[in-house]
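Okay, so here's the structure we're looking at.
The values are calculated or read from the model by the stated rules, or taken from the named source; none is laboratory data. This structure is a prediction, so every number in the text was calculated from the model and none was measured. No Cβ is skipped: glycine too gets one built from the backbone with ideal geometry, and neighbour counts run over all protein chains shown.
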Amino acid sequence: MRISASTKAHRIKIRKANFDTFAQDLATPQQFSSASCAYGLENEPVARKEYKALQKCTVTEVGLVVCIPQPWLCCSPNGLLVKEGQDLPVGGQMSVKV
């Protein structure tokens, strides 16, 4: 199991009791969907395109990014940012909220 940079890390930090139940909850996540989530997923490419145009940068889409020194940690950014004229990411990641 990997701990993602989304809500899991926060949930782990604030947990004070019922660790067995909590571990079970993390191991068997619930499915979630809503109209708002569907809208966000549908419009994420539009937001990414607008951001690229406004900021004059490249946004490289990536999937799961695993921390090499601590492989139980991971994140899934909506993109990695590279400014025009640079070869490497500027240290930023994109998280689209529409």
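Couple of notes before you dig in:
- Pairs meeting the criteria (first residue in region 49-67 and touching a residue at least 40 places away in the same chain (Cβ under 8 Å), second residue aliphatic (A, V, I, L, M), beta carbons under 7 Å, at least 6 apart or on different chains) are Y51/V59; Y51/M94.
- Every residue from region 39-97 that is modelled with pLDDT under 85, under 30 Å from I12 (Cα atoms) and over 14 Å from the mean Cα position of the chain (by Cα): W72, P89, V90, G91
- Each residue in region 38-76 was checked for being assigned to a helix (DSSP H, G or I) and in contact with a strand residue (DSSP E or B) (Cβ under 8 Å, 6 or more places away or on another chain), and 4 of them qualify.
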